[in-house]
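The values are calculated or read from the model by the stated rules, or taken from the named source; none is laboratory data. The structure presented is a predicted model; accordingly, all values stated were derived computationally and were not measured. When we count neighbours, we look across all protein chains shown, and the Cβ atoms used for this are built from the backbone with ideal geometry, even at glycine.
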Amino acid sequence: MMPRLGAKYQIEIETISKPKAEYQTDEYFELDLPTAPAVMVGDEIVVEGSDVPEDKLEGIICRHLGLPAPEPKKKGIFGRLFTGQI
């Protein structure tokens with residue numbers, strides 16, 4: 001998801017991956033970074049400790065870049081059936 005959004009919006013994506021133990025050190029907490037797993041856009045922490053829906057992340061990227069929010073994706077027949085929107 002992240003590389004695709006980075007290419008679509010020409011925004012730099014940086015992925016940091018370390019062993020879990022490194023995220024729990026005093027040195028890491030001193031960096032004032034969010035608890036992993038996390039997603040940040042600019043200085044804004046979008047989510048920490050869980051995943052984020054792609055549409056929410058895309059909206060935040062657009063806001064960060066000063067672009068209009070993307071149109072919500074249309075749900076197909078099965079999506080409407082399971083959410084009771086028929």
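Of all the listed residues (E27, E54, E12), the sole one being modelled with pLDDT of 85 or more and either surrounded by 10 or more Cβ atoms within 10 Å (Cβ to Cβ) or β-branched (V, I, T) (or both) is E54.
Scan the range 29-50 for residues that are under 24 Å from Q10 (Cβ atoms) and of a type in the set (D, E) and the total you get is 2.
The set of residues in the range 1-57 that are free of Cβ contacts under 8 Å to residues at least 24 places away in the same chain, of a type in the set (S, T, Y) and within 26 Å of P72 (Cβ to Cβ) contains only S50.
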